[in-house]
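To start, the structure under review is shown below, and the notes come after it.
The values are calculated or read from the model by the stated rules, or taken from the named source; none is laboratory data. All of these numbers come straight from a predicted model, not from anything done at the bench. So basically every Cβ, Gly included, is an ideal-geometry build from the backbone, and we count neighbours across all protein chains shown. Just so you know, the surface numbers come from the protein's heavy atoms only, side chains and all, with ligands and any DNA or RNA stripped out. Shrake-Rupley method; radii C 1.70, N 1.55, O 1.52, S 1.80 Å.
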Amino acid sequence: MKYFNQKRILVREITNPYIIATILSETYVNDPQLISIIEKTNVYKLEFLWAILNSKLATFYHFNSSPKATKGAFPKILVYDIKNFPLPNITDNNIEIIVNQILALKQENPEADTTTLEKEIDAMVYALYDLTEEEIKIVEES
């Protein structure tokens, strides 16, 4: 039950057209097509991991590094892919503030437009990975 009764990230296994992840705190037993991520250490907060997983860069990386990401009609992300996703070293993590703003807006109104905040997170993620303008352009155009 530890995977179902604490704060966690749920990642949809089917990644068409991009990775979809959400943060959930309620007790909710999900089927195996949703991957649960629980916080194990204080190194990475769930909000930070949520931002990375939902970023354009994570989708770009996944579709260019995992064989299951482009296979068949239902491309997938596996537990293996998530465990081996390269995470940046973080010193100052302002991403969590924006994530909490998005989550609050979506809780008030699930249809709220959070595009501007999502673009802010993408820009912060690009900076965390030290992407050049040229590399950012490749990710954005994919």
- Percent of all Cα-Cα pairs per 5 Å bin for region 76-142, counting from 0 up to the last occupied bin, reads 3, 13, 18, 17, 23, 19, 5, 0
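Can you tell me what percent of all Cα-Cα pairs in the chain are more than 28 Å apart?
Numbers: 1569 of 10011 pairs.
Result: 16 percent of Cα pairs exceed 28 Å.
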- Item | Sulfur and carbon atoms: percent of accessible area, the chain [1.4 Å] | 53 percent
- Item | Average Cα contact separation per residue, region 19-141, under 8 Å, 6 or more apart, as relative contact order % | 28 percent
- Between region 4-18 and region 73-142, what is the C-alpha centre distance in whole Å? 14 Å
- Task: In square nanometres and to one decimal, what's the mean projected area of the convex hull around the Cα atoms of region 1-76?
- Result: 5.3 nm²
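Tell me which GluC sites (Glu not before Pro) from region 98-142 have a DSSP coil assignment and no more than 14 other beta carbons within 10 Å of their own. Please list the in-between numbers first.
Working: sites: Glu108, Glu111, Glu118, Glu120, Glu133, Glu134, Glu135, Glu140, Glu141; in loops: Glu111.
For GluC sites (Glu not before Pro) across region 98-142 that sit outside H, G, I, E and B with at most 14 neighbouring Cβ atoms in 10 Å, the list reads Glu111.
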- For the chain, built as a Gaussian network whose Cα springs stay under 10 Å, the top-fluctuating residue of Asp122, Asp31, Asp81: Asp31
